[in-house]
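The values are calculated or read from the model by the stated rules, or taken from the named source; none is laboratory data. Quick caveat: nothing in here was measured; it's all calculated off a predicted structure. Backbone-built Cβ (ideal geometry, glycine too); neighbour counts: all protein chains shown.
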Amino acid sequence: MQRQQQRLLEAEARRRRAEAREAAAYQRYAAQAQREHRQAEARRRTQELEAQVEALRGLLASGTRAPAFRADALLRTEEVAPFAPGALAHPLPLPHPDAYPPRAAWTAHQRAQAQAEARARFEQDWYAAQAAETRRQQQLAAYQREYERQTEAHRAEVRRHNAGVTEVTDGVRRGEPGAVVEFFSAALYAATAWPEGFPRQVGAAYDPAARHLVVDWELPGFGVVPEAKAVRWSAADGDFRETARPVTQRRALYREVLAQSVLLVLHQLFAADPFGALACVTLNGFVDEPDPATGQRGRIVLATVMAERSVFGGLRLEVVDPVSCVTDGLRGQLSARPDQLTAVRPALRPADLGDRVVTHDDGAEEPDLSAMDPIAFEALVAELFRAMGMQAVMTQRSNDGGVDVDALDPAPIRGGKIVVQVKRYRNTVPPSAVRDLYGTVQDRGANKGVLVTTSGFGPSSYTFVRGKPLELITGPQLVDLLHRHGLRGRLGDGAPAAPAAGAPARPAPPAGDHNVLGMSWSGGVALDVCALVCRGDRVLGDDWFVFYNNPRTPDGSVHAVPPAPPDRAAVRVAFDALPAGADRLVLVAAVDPEADPGADLSGFTDAHIRLLDPALAELGVLGVSDGRTGETALVLGSFRRRSSGDWDFVLGGKGYRGGLEELLGDFGIEVG
C-alpha cells in the first residue's frame with residue numbers, strides 16, 4: 001500500500017515538473033514573440049520616417065509631374081440624372097370581369113342575384129382601382145414637375161458658375177488685376193502636388209503694365225521634418241526608443257523643403273498660364289509663427305525670389321539642387337537658419353501693389369456673397385476655415401468628387417479630415433445635396449462633412465443630418481462666422497436674412513403668399529389626410545373638401561401637394577386667399593380602407609403638423625391628439641380666423657368610429 005502511494009506521489013511530481021517545463025517554454029516563446037513583434041513595429045516606424053523624408057526630398061520632382069492647372073477644370077457639366085419615378089411610372093392594373101365569377105346557384109333567381117353581386121364586386125373594385133390610378137397619375141405629374149424644377153435650377157446654377165469662370169479667364173486675357181489674382185490663386189489652391197498637412201495660404205497682387213505677379217505663399221513649419229531618425233525597441237526598458245535626427249541634418253532638409261516649395265509654386269504659376277499674363281513672378285514664402293524677437297504671431301518671410309519667365313523656363317527642375325537653384329540660379333534669398341525663424345527681407349510685397357485676393361476687413365465695402373464669383377467664394381470659405389485654426393485647400397474641379405474644399409482640423413479627439421461643399425444659392429439647398437455630401441464623407445473616409453451656402457436648408461435636410469457627422473451652415477451663419485474671424489462678407493443689401501429651418505432660436509417669418517402644412521405620424525397605418533374649408537362647423541360646399549379625388553379648392557387657395565420627408569402628407573394653404581366667408585380650415589385624417597382594411601387609429605401616434613414657408617423652412621410644430629382603438633377618422637385640428645385677420649390653431653381630437661363618412665356628415669357633407 002505504501003509503495004502504491006509512493007508511485008502516485010512520484011507520478012504527480014513528474015506531471016508538475018512537465019507542466020513547469022511547458023510553462024517556462026511558453027513564457028520563453030511568448031517573450032520571443034513579443035520581442036519580435038516590438039522589433040517589427042520599430043522597423044515599421046523607422047520605415048515610415050524614412051518614407052516621410054524621401055517624400056520631402058522628392059517634393060519638387062513629384063510636383064512637376066502633376067498636370068498643370070487649366071480653367072477647363074473649373075467648368076461644371078449640366079448633366080443631371082435621368083427622370084426615374086420608380087413604381088409611379090407603371091399604370092396600376094384594372095380588375096377584369098372574368099376574375100369575378102358568380103357563386104353557384106340552383107334557381108334562376110339565385111343565379112341572377114349571384115351575377116348581380118359579382119357585378120357589384122367588380123364595379124366596386126374597378127372604381128377603387130380607377131381612383132388609385134388617378135392618384136398615381138397626379139403623384140407622377142407632381143414628381144415630374146419637381147424634377148423639372150430642380151433640373152432647371154441645377155442647370156441655371158451651372159450656367160452661372162461657368163459664366164463666372166469664363167468671365168475670369170476673359171479677364172486674365174485682358175490683363176485685369178482682379179481676374180489675374182483670382183485665377184492664379186485658384187491654380188495654387190487646386191494644385192494636387194502638395195503632401196497632406198502642407199498649408200496653402202496665398203495673398204497676391206498684379207501689375208498689368210509689367211505683367212508682374214507678386215505672391216505671398218505660406219510655407220510648412222519646421223515640424224514637417226521628423227525629429228526622429230529611427231525607432232528601436234529596448235528590451236531592457238520595455239519601451240520604444242527614438243534616435244534623434246541631428247539638428248544640422250534636420251535644418252538642411254528643412255531648407256531643402258523650403259527651396260523645393262518655392263520652385264514648385266513658381267512652376268505651378270507659369271504652367272497655369274497659357275495666356276501669357278505672367279512675365280515675372282515675385283514669390284515670398286512665409287511661416288505663420290510667433291516672432292522670436294517680439295513674441296507676436298505674424299508672417300515671417302523665410303524665402304523670397306523674383307523669377308522672370310524666360311529664365312525660369314530654362315531650368316531643368318527635375319535635376320537641379322533646389323537650394324542652389326533658388327539662391328544662385330534665381331538670385332533669391334533663403335533663410336540660413338529657418339528652424340530658428342531667421343527672416344529674410346523681401347524686395348516687394350503684394351500690399352505694395354494692392355488688390356489682395358483674400359483680405360481681412362480694411363474698411364472697404366463688404367462683398368456680396370450672393371453675387372460673388374464662384375471661385376472667389378470657395379477661396380473665401382477656405383480662408384475662413386484657415387482663420388478658424390484649420391488647414392484648408394481648394395480642390396481641383398476635374399476630380400474633386402463633389403468636394404470644393406479639403407480641410408484638416410488639428411484638434412485632438414474632435415478634429416480630423418473635413419470635406420466641405422460650397423453652394424452659392426439664392427433658393428433653399430435641396431435635400432439631395434445633403435445626402436450627396438454624406439455619401440462623399442463615407443467614400444473619402446472623412447471625419448466630418450460641412451455644407452456651406454448663401455441661402456438655407458429645408459427641414460428634411462436638418463432631419464437627415466441628425467446623428468450624422470454633418471454640419472449645415474446657412475447664409476446668415478456664414479456671415480456671422482466671417483465677421484467673427486476678421487473676414488468680410490454680406491448677403492444682398494446687408495439686411496439680415498432669415499435662417500433656414502432647424503436653425504435654433506431664430507424662427508423665420510412666413511414667406512411668400514402661402515404655407516405648407518406637413519403632417520407626420522408614427523405607426524404603419526395608411527391614412528388619407530383631408531382639409532375642409534368651413535364657415536363655422538359647415539363646409540362651404542363639396543368643392544371645398546380637399547382629398548385625393550379633389551386635390552384643390554375652386555380658387556386654388558388649398559391644394560394637396562406631395563409631401564417632403566419626413567412628412568407623410570402635405571397641404572398647401574394660402575390663408576390670405578381663402579374666401580371671405582370662410583373662418584376656419586379643418587384638417588382631418590381617416591383610415592384608407594382600400595390600403596389598410598380593418599385598421600383603426602390605434603396605430604396613429606406621435607403625430608404633429610409642421611408649419612412651413614414656401615421654401616419648406618420650418619416655422620413651427622403643432623401637436624395633435626393620438627388615435628384611439630376602434631376609431632377610423634379623427635379631427636386633427638382647425639385654423640380659425642380671428643377678428644384681427646390672423647389665424648390661430650385649435651387642437652382637435654374628436655374621433656369617429658364610422659370613418660370619414662360619419663365625420664363629413666358632422667360638417668354638412670352627405671356621402672352617397
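Details
- Residues in the stretch 575-600 that are under 38 Å from the mean Cα position of the chain (by Cα) and farther than 27 Å from ALA131 by Cβ: PHE575, ASP576, ALA577.
- Tallying residues that are more than 24 Å from SER643 (Cα to Cα) and β-branched (Val, Ile, Thr) within the stretch 548-590 yields 3.
- Residue in the stretch 231-241 that is exposed (fewer than 14 other Cβ atoms within 10 Å of the Cβ) and under 30 Å from ALA387 (Cβ atoms) present: no
- Within the set VAL621, VAL635, the sole residue that is closer than 22 Å to ARG538 by Cα and either in the same structural domain as VAL588 (by TED's automatic domain parsing) or touching a residue at least 12 places away in the same chain (Cβ under 8 Å) (or both) turns out to be VAL635.
- The set of residues from the stretch 651-672 being assigned to a loop (DSSP other than H, G, I, E, B) and either of a type in the set (A, V, I, L, M) or modelled with pLDDT of 85 or more (or both) comprises LYS654, ARG657, GLY658, PHE667, GLY668, ILE669, VAL671.
- Selection status of GLN477, in a helix (DSSP H, G or I), loosely packed, with under 15 Cβ neighbours inside 10 Å and modelled with pLDDT of 80 or more: no
- Pairs are defined by a Cβ separation below 7 Å, a sequence spacing of at least 6 or placement on different chains, a first member in the stretch 60-74 that is closer than 16 Å to GLU318 by Cα, and a second member that is β-branched (Val, Ile, Thr); the pairs so defined are ALA66/THR192.
- Residues of the stretch 448-467 satisfying the condition of being under 12 Å from the mean Cα position of the chain (by Cα) and either assigned to a helix (DSSP H, G or I) or modelled with pLDDT of 85 or more (or both): LYS448, GLY449, VAL450, LEU451, VAL452, THR453, SER461, TYR462, PHE464, VAL465
- Residue under evaluation ALA531, criteria (1) aliphatic (A, V, I, L, M); (2) surrounded by fewer than 19 Cβ atoms within 10 Å (Cβ to Cβ); (3) modelled with pLDDT of 75 or more, criterion not met: (2)
- So PHE270, is it out of contact with any His (no Cβ under 9 Å at 6 or more places or on another chain) and under 22 Å from LEU334 (Cβ atoms): yes
- Against the conditions (1) out of contact with any helix residue (DSSP H, G or I) (no Cβ under 9 Å at 6 or more places or on another chain); (2) part of a helix (DSSP H, G or I), TRP106 satisfies every one except (2).
- For the stretch 77-133, taking the residues that are of a type in the set (D, E, K, R) and surrounded by fewer than 12 Cβ atoms within 10 Å (Cβ to Cβ), the one that is nearest to ASP436 (Cα to Cα) is identified as GLU79.
- For the stretch 173-228, the candidate set comprises residues that are among the β-branched types (Val, Ile, Thr) and surrounded by 23 or more Cβ atoms within 10 Å (Cβ to Cβ); within that set, the residue that is modelled with the lowest pLDDT is VAL202.
- Residue check, LEU49 at pLDDT below 90, among the hydrophobic types (A, V, I, L, M, F, W, C), surrounded by 11 or more Cβ atoms within 10 Å (Cβ to Cβ) and in contact with a strand residue (DSSP E or B) (Cβ under 8 Å, 6 or more places away or on another chain): yes
- Applying the set (1) surrounded by fewer than 21 Cβ atoms within 10 Å (Cβ to Cβ); (2) among the hydrophobic types (A, V, I, L, M, F, W, C); (3) more than 23 Å from ARG70 (Cβ to Cβ) to PHE275 leaves exactly one unmet item: (3).
- Filter result (in contact with a strand residue (DSSP E or B) (Cβ under 7 Å, 6 or more places away or on another chain) and part of a helix (DSSP H, G or I)) within the stretch 319-340: VAL323, VAL326, THR327, PRO338
To keep it simple, each residue is scored yes or no on (1) more than 30 Å from ARG426 (Cα to Cα); (2) surrounded by fewer than 18 Cβ atoms within 10 Å (Cβ to Cβ); (3) basic (Lys, Arg); (4) in contact with a strand residue (DSSP E or B) (Cβ under 8 Å, 6 or more places away or on another chain).
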{"site": "ASP567", "(1), (2), (3), (4)": "no, no, no, yes"}
{"site": "PHE575", "(1), (2), (3), (4)": "no, no, no, yes"}
{"site": "LEU578", "(1), (2), (3), (4)": "no, no, no, yes"}
{"site": "PRO593", "(1), (2), (3), (4)": "yes, yes, no, no"}
{"site": "ASP600", "(1), (2), (3), (4)": "yes, no, no, yes"}
{"site": "ARG641", "(1), (2), (3), (4)": "yes, yes, yes, yes"}
{"site": "VAL650", "(1), (2), (3), (4)": "yes, yes, no, yes"}
{"site": "GLY653", "(1), (2), (3), (4)": "yes, yes, no, yes"}
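- Considering only residues in the stretch 396-414 that are in contact with a strand residue (DSSP E or B) (Cβ under 7 Å, 6 or more places away or on another chain) and among the small types (Gly, Ala, Ser), the one that is modelled with the lowest pLDDT turns out to be GLY402.
- Enumerated strands (runs of 3 or more DSSP E) restricted to the stretch 535-650, each holding at least 2 residues that are touching an Asp or Glu at 6+ places or on another chain (Cβ under 7 Å): 584-591, 605-612, 633-641
- Residue match in the stretch 361-368 (condition: more than 20 Å from the chain's Cα centre (by Cα) and either assigned by TED's automatic domain parsing to the domain that holds GLY445 or at pLDDT 80 or above (or both)): yes
- Checked against (1) surrounded by fewer than 16 Cβ atoms within 10 Å (Cβ to Cβ); (2) touching a helix residue (DSSP H, G or I) at 6+ places or on another chain (Cβ under 8 Å), VAL621 passes all but a single condition, namely (2).
- Looking across the stretch 415-442, the residues that are surrounded by 14 or more Cβ atoms within 10 Å (Cβ to Cβ), in a helix (DSSP H, G or I) and modelled with pLDDT of 85 or more come down to ALA433, VAL434, ARG435, ASP436, LEU437, TYR438, THR440, VAL441.
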